[in-house]
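Novice: I am attaching a structure below and will ask some questions about it afterwards.
The values are calculated or read from the model by the stated rules, or taken from the named source; none is laboratory data. Note that the coordinates shown come from a computational prediction; the quantities given were computed from them, not determined experimentally. Cβ coordinates were reconstructed from backbone atoms using ideal geometry, including for glycine residues, and neighbour counts include every protein chain displayed.
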Amino acid sequence: MKALNHRELVEVLFSSCYMAIISLGMITILGYGGYQVFTGVLTIGMVAFYSYMGRLFDPLRAAVDIYSQLNRLGTNIRRILEVTEMAPSVPELPDAVDFPTRIRGYVEMDNVCFSYKSAESVLDGIHLKLGPGEKIALVGMSGSGKSTIAKLIARLYDVNGGAVCIDGIDVRNIRLGSLRTKVCYLLQDAVIFDRTVKENLLLGNPSATTTELQRAVEIADLTELVRRLPQGLDTPVGPRGNVLSGGERQRLALARAVLQNPSILLLDESTSALDAPSERRVLMNLAQQFSHQTIVFVSHRISALKWVDRIIVLNRGVIEQQGTHDQLIHRGGLYNHLHSVPAVLTSTQDAPQAPREI
Ligand SMILES: Nc1ncnc2c1ncn2[C@@H]1O[C@H](COP(=O)(O)OP(=O)(O)O)[C@@H](O)[C@H]1O
Ligand SMILES: [Mg+2]
């Protein structure tokens, strides 16, 4: 705001000085010239001179406009460079490799230990293998490390111990650009830009065809919304997508991820704003359409995820249980507790601990 105010001030001063100079010039020419015509020193040809002066001022005015536009452009470019030149939070090795065009989506976390900047350990010796095309759900109380696992698979952070491998390659040895196209991490807060619905979608795949767009819209359950919007796919969604509801924004981000067609999709509470039956329907439909892709679902609504291939139950950074919904219910323990008292899933880490084993 300060910079903006300063720029406006400079522009106003600049153009008022310029206007003042022009006006004074005109007054002088007309006043003194007129007097000279009266006294007979000059002829009426002075009027022609005056109109030529006008032609001289026009390019001057254009130059002032161009100067101020260049100024704005310079500021914008500086801001873009600030972002593009920002060092990534994880370094790219000089000999990092690209993924092959097709990957299977086999994820392996081998004895992964992790903590954020503070010394407190967040993940403690995680062993997890996700088969190609497997659909798994991470459940556990708030703060148990679900998001952290998803972020480590996407390599938004580097592990402190152990390794995360995709198709047998350590993620630290993969070029970040290649990793980001194959592994898609979707947050709860959908990132939506002040463009049209279609432009937001195409960020997932700029060369997507109309059929592919249509399919993504259907999978994300957006067909009804697109039909309702005044200009359909070409409707602007406003800053941060504020024309849309929270659930619509989340589904738009999901459709964008579908268009990107990653091999590994990590959905971190990314359909939380939908009502429970819609969430279940959208996720099941997605799993069906993405049968070859590996998908990790994180949701505090266990009811939306009972159908997945495997449920991983986390407790304070360790895997406490895993299995299908039926197996886990049968076994009792933490999962059974979370399932029967869903409120604990949204409580903070300070909430009373669930019984470790019944
Ligand atoms: N960016 C961060 N910086 C420091 N600590 C974090 C950060 N993100 C998460 N944590 C901590 O790590 C633990 C696990 O968090 P998270 O993986 O987000 O849990 P969940 O997704 O299961 O709710 C929590 O104790 C949380 O406070
Ligand atoms: Mg989380």
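Novice: Pull up region 122-135, narrow it to residues that are surrounded by 17 or more Cβ atoms within 10 Å (Cβ to Cβ) and assigned to a loop (DSSP other than H, G, I, E, B), then point me to the one that is farthest from ligand 1 (Cβ to nearest atom).
Specialist: Going through the qualifying residues, I end up with Gly133.
Novice: Another question, then. Being in a helix (DSSP H, G or I) and within 30 Å of Ile166 (Cβ to Cβ) is true for just one of Val12, Val83. Which residue is that?
Specialist: Val83
Novice: Shifting gears a bit: Ala150 is checked against (1) closer than 17 Å to Phe297 by Cβ; (2) more than 7 Å from ligand 1 (Cβ to nearest atom); (3) touching a Ser or Thr at 6+ places or on another chain (Cβ under 8 Å); (4) among the small types (Gly, Ala, Ser) and fails just one. What number does that condition carry?
Specialist: Only one criterion is unmet by Ala150, namely (3).
Novice: Do we find that Tyr157 is within 16 Å of ligand 1 (Cβ to nearest atom), closer than 20 Å to Ile295 by Cβ, assigned by TED's automatic domain parsing to the domain that holds Phe114 and not aliphatic (A, V, I, L, M) in this structure?
Specialist: When the stated conditions are applied, Tyr157 does not pass them.
Novice: Output the residues belonging to region 177-209 that are assigned to a strand (DSSP E or B) and more than 16 Å from ligand 1 (Cβ to nearest atom).
Specialist: Val183, Cys184, Thr196
Novice: Looking at region 118-149, which of its residues are over 30 Å from Ser291 (Cβ atoms), within 15 Å of ligand 2 (Cβ to nearest atom) and touching a strand residue (DSSP E or B) at 6+ places or on another chain (Cβ under 7 Å)?
Specialist: Result: Val122, single match.
Novice: Related question: Does Val107 satisfy the condition of being of a type outside the set (D, E, K, R), surrounded by 15 or more Cβ atoms within 10 Å (Cβ to Cβ) and in contact with a Phe, Trp or Tyr (Cβ under 7 Å, 6 or more places away or on another chain)?
Specialist: no
Novice: Looking at Val90, Val97, Val112 in this structure, which one is of a type outside the set (Phe, Trp, Tyr), within 23 Å of Thr148 (Cα to Cα), modelled with pLDDT of 90 or more and not assigned by TED's automatic domain parsing to the domain that holds Gly317?
Specialist: Answer to the check: Val90.
Novice: Now a separate question. Does Arg316 meet the test of being within 16 Å of ligand 2 (Cβ to nearest atom) and surrounded by fewer than 18 Cβ atoms within 10 Å (Cβ to Cβ)?
Specialist: yes
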